[in-house]
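The values are calculated or read from the model by the stated rules, or taken from the named source; none is laboratory data. Note that this is a predicted model, so its numbers are computed, not measured. Cβ atoms come from the backbone with ideal geometry, glycine included; neighbour counts cover every protein chain shown. In case anyone asks, the SASA skips ligands and DNA or RNA and just uses the protein heavy atoms, side chains included. Shrake-Rupley method; radii C 1.70, N 1.55, O 1.52, S 1.80 Å.
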Amino acid sequence: MTAEGKSVIVTGASSGIGAATARALAAAGAQVMLAARREDRLKALAEEIGGDVKWRVTDVANHADMLKLGEDAIKAFGKVDVIVNNAGIMPLSPLANRRVAEWDQMIDVNIKGVLYGIDAVLTHMLERKDGHIINVSSVAGLMTNPTSAVYSATKHAVKAISEGLRKETAGVIRVTCVYPGKVNTELGFSIKDPAVIAGIGNRFNYKGLEGEDIANAVLFAVASPRNMGINDIVIRPIEQEM
């Protein structure tokens with residue numbers, strides 16, 4: 001699989017799926033713009049990958065920041081072929097625990113961050129009559145469990161946004177929505193509810209996938225022929241039922 005000649009923005013690139021995706025795309029020949037909030041991680045990853053890799057400290061929940069990310073990527077590479085809207089948080093908790101600040105954060109990062117990422121590149125892609133928007137949802141965007149009501153709502157929203165965008169831009173923009181199951185990343189670190197933390201081992205007592213597994217799925221979508229729309233990719237550990 002090759003991404004030769006592609007220029008790609010990856011959000012949430014400082015760790016996990018985002019970092020693995022950046023590595024995989026760069027290894028396949030892509031120019032990559034890394035975006036995340038942690039400057040030290042971005043610098044280290046850019047140095048590790050080498051080649052035509054740029055980075056920008058970015059808050060996906062800030063619209064102006066995301067617009068500047070798109071502008072900087074176009075300035076650096078001449079164009080943006082692909083954006084991978086990967087940044088996300090998952091502070092699970094029961095609704096009755098009223099962790100309202102966490103609900104707001106999930107809406108800002110998981111929903112607005114995807115919308116802002118789309119807005120940062122869509123006009124450019126439509127003008128070029130070419131582009132690929134990849135949104136990372138979750139299997140939680142296909143169903144809901146106790147403690148995941150708000151998180152699942154945000155990931156259902158990513159599904160709806162992706163499907164609406166696909167229909168609005170059919171024939172011009174390729175749209176892919178990726179639904180990972182359990183992946184061994186730092187995502188679980190955003191859970192702060194003590195009861196959820198205490199029970200997490202019982203809910204997910206099986207080996208998860210690695211970020212590289214999801215990165216390979218993203219690379220498959222990017223490398224597929226332009227006449228193919230890889231619309232949805234659901235990828236779970238073989239032991240995961242939900």
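Computed over protein heavy atoms with a 1.4 Å probe, the carbon and sulfur contribution to the accessible area of region 51-96 reaches 56%. The residue among 141, 117, 96 whose Cα reaches farthest toward the positive pole of the charge dipole of region 94-151, with charges on the beta-carbon of Lys, Arg, Asp and Glu, is 96.
Averaging the Cα positions of each part gives two centres, and for region 1-80 and region 81-103 these lie 22 Å apart. Cα axis of helix 194-203 to longest principal axis of the chain: angle in degrees, 0 to 90, nearest 10? In the chain, helix 194-203 runs at an angle near 80 degrees to the longest axis. Per-residue ellipticity at 222 nm computed for the chain from its helices equals -13500 deg cm²/dmol, with DSSP H segments shorter than 4 residues left out and the rest contributing -39,500 (n - 2.57). In the structure shown, the pairs 79/182; 129/207; 129/155 are assessed against 31 Å; a Cα-Cα span above that value is assigned to 79/182; 129/207. May I ask you to list the residues of region 177-195 whose amide nitrogen lies under 18 Å from a point 7 Å from Cα along the Cα→beta-carbon direction of residue 145? Hits in region 177-195 for residue 145 at 18 Å: 179-195. Amide H contacts under 5 Å for residue 37: 58, restricted to partners 5 or more places along the chain or on a different chain, H placed in the peptide plane at 1.01 Å from N. For an R0 of 45 angstrom, estimate the FRET efficiency from the Cβ-Cβ distance between residue 4 and residue 101 and round to the nearest 0.05. The formula returns an efficiency of 0.55 here.
In a shell of Cβ-Cβ distance under 13 Å around residue 105, excluding residue 105 itself, what net charge do Lys and Arg (+1) and Asp and Glu (-1) give? Here the count lands on 0. Within the shell defined by Cβ-Cβ distances under 11 Å, the residues around residue 73 carry a net charge of +2, with Lys and Arg each +1 and Asp and Glu each -1. Compared with the dominant Cα axis of the chain, that is its longest principal axis, helix 149-168 is turned about 30°. Proximity of backbone amide H atoms, modeled 1.01 Å from N, is registered between residue 55 and 34 at under 5 Å, excluding neighbours fewer than 5 places apart on the same chain. Of the residues 118, 191, 134, the one that moves most in a GNM of the chain with alpha-carbon contacts below 10 Å is 191.
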